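Right, one structure below, let's go through it.
The values are calculated or read from the model by the stated rules, or taken from the named source; none is laboratory data. In this text the structure is predicted, and so the values were computed from the model without any measurement. Cβ placement follows ideal geometry from the backbone for every residue including glycine, while neighbour counts extend to all protein chains displayed. Quick note on the areas: whole protein, heavy atoms, side chains included, nothing else; ligands and nucleic acids left out. Shrake-Rupley method; radii C 1.70, N 1.55, O 1.52, S 1.80 Å.
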Amino acid sequence: MSPDPVIRVVVADDQAIIRDGLVTVLSLLPDVVVVGEAADGEQAVALAVAEHPDVVLMDLRMPRLDGVGATERIVRDVPGTAILVLTTFADDDSILGALRAGARGYLTKDAGRAELAAAIRAVARGQSTFAPEVGALLVNSLTAAAPTRPPVALVDRFPQLTPREAEVLALVGEGLSNGEIAASLFVSVATVKTHINALFAKLDVPNRAQAIALVRS
């Protein structure tokens with residue numbers, strides 16, 4: 001019987017003592033090798049692009065680029081890499097933000113070594129995995145987050161927009177800031193800016209004020 005394939009992992013956490021501890025734990029697993037360590041989201045993206053790891057073990061709160069933004073970019077640029085979030089935070093916004101960015105698993109930092117190892121192996125196989133308390137919050141959050149005002153009228157009025165761009169446009173029309181839109185949609189501010197730039201170009205409007213006027217007309 002052939003041995004299990006080695007799982008190549010990048011560890012991303014802004015706290016050196018946490019990174020060192022994770023690397024030590026992972027070094028004890030016979031089927032895991034750490035191919036890089038990142039102290040912020042930008043480094044995590046750069047390592048993922050350079051190393052094409054099987055898994056990035058991703059903290060959420062990091063400088064320069066947070067874990068949600070880094071997850072979005074890695075999922076886009078290195079689609080063969082799975083993101084497993086390992087963070088202190090298990091609130092609704094953090095969970096949904098990470099999962100909508102493309103994370104395949106979500107653990108909190110009180111997970112044991114066996115749970116962490118099982119999660120890494122699961123996401124490397126293409127499966128999803130969540131800590132039990134995260135799974136409960138996820139169900140509640142997805143139920144509560146069901147859209148109550150889908151921008152059907154805007155989709156009809158502006159068929160050149162994607163459904164997500166129409167949703168962002170509707171929130172722009174309500175006067176929300178980029179940060180408020182990001183929180184409402186559980187995405188990063190960078191993603192909101194990308195959608196806004198795209199819809200401005202498609203609607204041929206130069207600024208937010210004219211976009212708002214167009215929605216309200």
- Exclusive hit being closer than 18 Å to Ala119 by Cβ and buried (at least 20 other Cβ atoms within 10 Å of the Cβ), set Val32, Val68: Val32
- Enumeration of residues in the range 44-64 that are touching a residue at least 24 places away in the same chain (Cβ under 8 Å) and either assigned to a loop (DSSP other than H, G, I, E, B) or of a type in the set (Gly, Ala, Ser) (or both): Ala44, Ala48, His52, Pro53, Asp54, Asp59, Leu60, Arg61, Met62, Pro63, Arg64
- Of the criteria (1) under 21 Å from Thr108 (Cβ atoms); (2) touching a residue at least 24 places away in the same chain (Cβ under 8 Å); (3) buried (at least 19 other Cβ atoms within 10 Å of the Cβ); (4) not acidic (Asp, Glu), which one Arg19 fails: (2)
- Message: For the list (1) surrounded by fewer than 17 Cβ atoms within 10 Å (Cβ to Cβ); (2) in contact (Cβ under 8 Å) with a residue 40 or more places away in the chain; (3) more than 15 Å from Val10 (Cβ to Cβ), I need the number of the one condition that Ala101 fails.
- Response: (1)
- Task: Filter the range 137-159 down to the residues that are at pLDDT 75 or above and surrounded by 14 or more Cβ atoms within 10 Å (Cβ to Cβ), then identify the one that is farthest from the chain's Cα centre (by Cα).
- Result: Arg157
- Query: Can you tell which of Ala183, Ala166, Ala170 is at pLDDT below 90 and closer than 15 Å to Val68 by Cβ?
  - Reply: Ala183
- Filtering the range 89-119 down to residues that are at pLDDT 85 or above and of a type in the set (Phe, Trp, Tyr) yields Tyr106
- Note on the structure: The number of residues in the range 191-210 that are open to solvent by 60 Å² or more (accessible area, probe 1.4 Å) and part of a helix (DSSP H, G or I) is 8
- Task: For the range 164-188, enumerate the residues that are in contact (Cβ under 8 Å) with a residue 40 or more places away in the chain and surrounded by fewer than 16 Cβ atoms within 10 Å (Cβ to Cβ).
- Result: Ala183
- Message: Out of everything in the range 71-98 that is closer than 19 Å to Arg8 by Cα and of a type in the set (Val, Ile, Thr), what residue ends up being most open to solvent (accessible area, probe 1.4 Å)?
- Response: Val75
- Message: For the structure I just gave you, tell me whether Leu214 is modelled with pLDDT under 90, touching a Ser or Thr at 6+ places or on another chain (Cβ under 8 Å) and open to solvent by less than 60 Å² (accessible area, probe 1.4 Å).
- Response: no
- Note on the structure: Only one of Val134, Val123 is within 30 Å of Leu28 (Cα to Cα), within 19 Å of the chain's Cα centre (by Cα) and at pLDDT below 70, namely Val134
